[in-house]
Amino acid sequence: LIITALLVGCVINGNAKGYRPAKIYMFGFAASFNDSTVYLTDIQTVNAYLVNNRTKFLANREDYSYQLRNYLQSNGLEAFPTCITMFAENEKDATKKYLKLKERYEKSKKKYSIKSLKDSQFKYTPVEPDQQS
């Protein structure tokens, strides 16, 4: 009984920060206001952390967007890109979001050049959630 109580305490303590680990599917999008080229990464599987409440928001999502921005800047592809990271908990939802965003830029009246970033070029790395006070 004591061992069970200790194990439950450890599990609760591990999730006490308000995050839960999850396998998610994410992709990135980058554009610049000075250029008509937009960049889309492939959909990638990442072991990340979601906020453990009804929102299921991705912890430190901005850090994933910074990874993409840093890649584009360091490889001379874009000087000042605006980057976003989109995700879903299943591949079907991620694919739906990806295709909707891609279609928006393919069918736009303004002609955009869409560049795909393959997994071999850019790969997200998992980010540990910030510690809450």
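Number of residues in the stretch 30-62 that are among the acidic types (Asp, Glu) and either under 14 Å from Tyr98 (Cβ atoms) or modelled with pLDDT of 95 or more (or both): the value is 1.
Matching residues to (1) on the phi > 0 side of the Ramachandran plot; (2) under 17 Å from the mean Cα position of the chain (by Cα):
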residue	(1), (2)
Gly76	yes, no
Pro81	no, yes
Leu101	no, yes
Ser108	no, no
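Note on the stretch 26-48: residues that are without any contact (Cβ under 8 Å) to a residue 60 or more places away in the chain and over 22 Å from Ala79 (Cβ atoms) amount to 2. Scanning the stretch 86-115 for residues that are at pLDDT 95 or above and among the polar types (S, T, N, Q) turns up just one, Thr95. Take the conditions (1) free of Cβ contacts under 8 Å to residues at least 12 places away in the same chain; (2) of a type in the set (A, V, I, L, M, F, W, C); (3) within 19 Å of Asp130 (Cα to Cα); Val51 misses just one of them, which is (1). Under the condition of being closer than 13 Å to Thr125 by Cα and in contact with a helix residue (DSSP H, G or I) (Cβ under 9 Å, 6 or more places away or on another chain), which residue from the stretch 45-84 is most open to solvent (accessible area, probe 1.4 Å)? Filtering first and then ranking leaves Thr45. Residues that are surrounded by fewer than 11 Cβ atoms within 10 Å (Cβ to Cβ) and modelled with pLDDT of 95 or more do not occur anywhere in the stretch 120-127.
The set of residues in the stretch 98-133 that are in contact with a strand residue (DSSP E or B) (Cβ under 7 Å, 6 or more places away or on another chain) and without any contact (Cβ under 8 Å) to a residue 12 or more places away in the chain contains only Glu106.
Across the stretch 22-47, the number of residues qualifying as of a type in the set (Gly, Ala, Ser) and within 18 Å of Asn70 (Cβ to Cβ) comes to 4.
The values are calculated or read from the model by the stated rules, or taken from the named source; none is laboratory data. Source: prediction; values computed, not measured. Quick reminder, even Gly has a Cβ in these numbers, built from the backbone with ideal geometry, and neighbours come from all protein chains shown. Side chains are part of the model used for accessible areas, which takes the heavy atoms of the whole protein and leaves out ligands, DNA and RNA. Shrake-Rupley method; radii C 1.70, N 1.55, O 1.52, S 1.80 Å.
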